[in-house]
Amino acid sequence: MSDAADRQQKPTPMDLALAEARAAEGRGEVPIGAVILSPAGEPIARAGNRTLELKDPTAHAELLAIRAACERLGSERLTGCDLYVTLEPCPMCAAAISFARIRRLYYGAADEKGGGVDHGPRIFSHPTCHHRPEVYGGIGESDAAAMLRAFFAARRA
């Protein structure tokens, strides 16, 4: 079976996050999506930005997915869970990722202006950060970055 055929049958976690980003864009939101996998590797929560819809500045994809995963697992900790998100998390989301004890963070596009992981305040590098997930950037970066560029170009036009 070819890689393309296998991807069509079973989307990757980043494919699922990109689908959530497209859905957010369809709602007029900034196209960012997130997916959380259980320790067994199964998706347990998916979300896209809903800040405009909910009139809530904290309704970022990552926070919504973390809330849903915590509810599903019945715990405030997501130990052993992995988070896939289309854009480098902002400082607020990075702090929530740490508090939730996410095992691994995979993100698509870097965010030099608003990022809080590999750019900006680099939340996980602070000595007061109690939990540091493994971080893998650039996963699905070209698709995520292209979606964001097109979204903001259309807003400026």
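Things worth noting here:
- Residue match in the stretch 97-108 (condition: in contact (Cβ under 8 Å) with a residue 40 or more places away in the chain and among the hydroxyl-bearing types (Ser, Thr, Tyr)): yes
- One residue stands out in the stretch 63-116 among those that are among the basic types (Lys, Arg) and assigned to a helix (DSSP H, G or I): the one that is surrounded by the most Cβ atoms within 10 Å (Cβ to Cβ), namely Arg67.
- Enumeration of residues in the stretch 35-62 that are in a helix (DSSP H, G or I) and either touching an Asp or Glu at 6+ places or on another chain (Cβ under 9 Å) or open to solvent by 70 Å² or more (accessible area, probe 1.4 Å) (or both): Thr51, Leu52, Glu53, Leu54, Ala61
- Scope the stretch 131-157; condition part of a loop (DSSP other than H, G, I, E, B) and touching a helix residue (DSSP H, G or I) at 6+ places or on another chain (Cβ under 9 Å); matching residues: His131, Arg132, Pro133, Ile139, Gly140
- Criterion violated by Thr128 - all others in (1) in a loop (DSSP other than H, G, I, E, B); (2) open to solvent by 80 Å² or more (accessible area, probe 1.4 Å); (3) within 18 Å of Asn49 (Cα to Cα) satisfied: (3)
The values are calculated or read from the model by the stated rules, or taken from the named source; none is laboratory data. Since we're looking at a predicted model, the values are computed, not measured. Heads up, the Cβs are rebuilt from the backbone with ideal geometry, glycines too, and the neighbour counts pull from every protein chain shown. Note: accessible area is taken over every heavy atom of the protein model, side chains too, but ligands, DNA and RNA are not part of it. Shrake-Rupley method; radii C 1.70, N 1.55, O 1.52, S 1.80 Å.
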